[in-house]
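**Q** Quick one: the structure is below, and I'll ask about it shortly.
FYI, it's all coordinate maths here, none of it is from the lab. Small disclaimer: the values here were computed from a predicted structure and weren't measured. Glycine also receives a Cβ, built like all others from the backbone with ideal geometry; neighbour counts cover every protein chain displayed.
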Amino acid sequence: MPTSSATATYTTLPLSEPWTLHFDTAYGGPLEPVVLDKLSSWSVNTDPAIRYYSGTVSYTTNLNLSALPPQGPCWLYLGRVADVAEVFVNGQSCGTAWTAPFRVDVSAALKPGVNDILIKVSNTWANRLEGDALLPEADRLTWTDGRYRKKTRDLLEAGLLGPASLEIPVTVKKSTQ
């Protein structure tokens, strides 16, 4: 009995526009939005409000599409994420990515023209605990009654690390066996 299968071929469209990051000031984040030309871990930033931040950060950018692909799912590939990301396109929730390959089907939300991308990334409180250990007790945002880590350990990666791209189907090959 013959069987058929389909194989999609994708082209990759990098999300190359600058990213604007909005941190929550209630969790010690910077007061003003931060603009990045290239995605990187919060833990390598020189600003302590970013380097030791733990919580959720909203990343915004846009993507211009001349036309919608005629077939197949379009995937927003996030690259690497530390730790979890919720994806919105044009105000529509498209899903959450919490494990590799960190990608979400955004087909239903895309439109021709400018597409607004919002990615909410949350990390653990590990880096905040490290940062708080450097502060006077009255200025700390977090606490634990257990010994967490030594100050000599590296901070954990945090945030949207990328590279981010849109994976667009260009052909679907059907084969019959």
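**Q** Calculate for the chain the 222 nm mean residue ellipticity that helices alone would give, adding -39,500 (n - 2.57) per DSSP H run of length 4 or more and normalising by residue count, nearest 500 deg cm²/dmol.
**A** On the way: 2 runs with 12 residues, N = 177.
Mean residue ellipticity, 222 nm, calculated: -1500 deg cm²/dmol.
**Q** Under a point spin-label approximation (7 Å from Cα along Cα-to-Cβ), what is the residue 170-residue 93 distance to one decimal in nm?
**A** 3.5 nm
**Q** Over the Cα atoms of the range 1-101, Rg to Rh with Kirkwood Rh, two decimal places?
**A** 1.07
**Q** Can you give the relative contact order of the chain as a percent, counting alpha carbon pairs under 8 Å and 6+ residues apart?
**A** Numbers: 393 pairs, mean separation 62.3, N = 177.
RCO, the chain: 35 percent.
**Q** Please return the longest range in the chain lying between exposed loop sites, taking chymotrypsin sites (Phe, Trp or Tyr not before Pro), DSSP loop only, at most 14 other beta-carbon atoms within 10 Å, and leaving the sites out. Don't jump to the answer; show the numbers that get you there.
**A** Working: sites that count: 98, 143, 148.
The longest such stretch corresponds to 1-97.
**Q** May I pose another question? Rounded to a whole number, what is D in µm²/s for the chain from Stokes-Einstein with the Kirkwood radius over alpha-carbon pairs (10 °C, 1.306 mPa s)?
**A** Value of D from the Cα-based Kirkwood radius: 88 µm²/s.
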